[in-house]
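The values are calculated or read from the model by the stated rules, or taken from the named source; none is laboratory data. Note that the structure is predicted; figures quoted are calculated from it, not measured. Glycine gets a Cβ as well: all are built from the backbone with ideal geometry, and neighbour counts include every protein chain shown. Note: accessible area is taken over every heavy atom of the protein model, side chains too, but ligands, DNA and RNA are not part of it. Shrake-Rupley method; radii C 1.70, N 1.55, O 1.52, S 1.80 Å.
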Amino acid sequence: MSPRTLTLDDTLYAYVNDIGGREPEIGRKLREKTQSMPMAGMQIAPDQGNALAMLVELIGARRAIEVGTFTGYSALRTALALPADGELVCCDVSDEWTAIGRPFWEEAGVAGKIDLRIAPAVETLDGLIANGWTGTVDFMFIDADKSNYDAYYERALVLVRTGGLIAVDNVLWSGAVIDDSDQSADTKAIRALNKKIHSDDRVTMALLPIGDGLTLARKR
Ligand code: CA
């Protein structure tokens, strides 16, 4: 037994996903549909979906924003966890990918909660800020182009209310964050944001080694 986070082999990871959460059937269907596509690695894993849904429930979120929707699995899990009058703004630049998720949102009965904005997310977020959303958002999930992570994080801090939660995905970047020979723009952007959040007095934070690494930052 070790107090360290385990490295999960396939069997143990399958156990986590089988028994460690209650992925809705509709979620499984969407995930499996996405799995057959190129870029499927951009989809969050079911255990992360379980964790996101739990966080949304825990903080009693009503208004949420997702930056990076891809085929809509995290949006589906988030929307299902929101109350009936909840709302989720989804930011993505791809009509093609998000179109895959829409029928699943419909079937799950959450399409009415989801406001999908096809545009560069910075524009959408700035638009929300201009329209009076400052300090009104309970939960924000950042999982899009890494070079803009800092821009998304700064806007999240404006939009999220005190006590609200910002979740940032891929913060371990398959371990590349500690590989000094990797100086790609994406890796550098993630590394820089990790360092920034670590010493950012505006939030309390914890990096969870779930999936590809998920940082939680709670706005003070
Ligand atoms: Ca991701």
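Observations
- A straight Cα-to-Cα reach below 19 Å connects LYS195 with the lysines LYS146, LYS219, residues fewer than 8 places away in its own chain not being considered.
- Cβ-based net charge around LYS219, under 9 Å, with every Lys or Arg adding one and every Asp or Glu removing one: +4
- By the helix-only formula, in which each DSSP H run with n ≥ 4 contributes -39500 (n - 2.57) and the sum is divided by residues, the chain has a 222 nm mean residue ellipticity of -13000 deg cm²/dmol.
- Charge dipole of the chain about the Cα centre (unit charges at C-beta), most positive-ward option of TYR73, ILE210, VAL158: VAL158
- Once the chain from ILE129 to LEU58 is taken as fully extended at 0.36 nm per residue, the excess over their C-alpha distance is 23.0 nm.
- The range 172-220 and the range 105-166 have Cα centres lying 19 Å from one another.
- Rounded to the nearest 20, the size of the Cβ-charge dipole of the chain about its Cα centre is 660 debye, with Lys and Arg at +1 and Asp and Glu at -1.
- Using the Cβ-Cβ distance between GLU106 and LEU208 with R0 set to 45 Å, the FRET efficiency works out to roughly 0.90.
- The chain - percent of accessible surface contributed by carbon and sulfur, probe 1.4 Å: 54
- Amide H contacts of LEU207 (H built 1.01 Å from N, under 5 Å, at least 5 apart or other chain): LEU216
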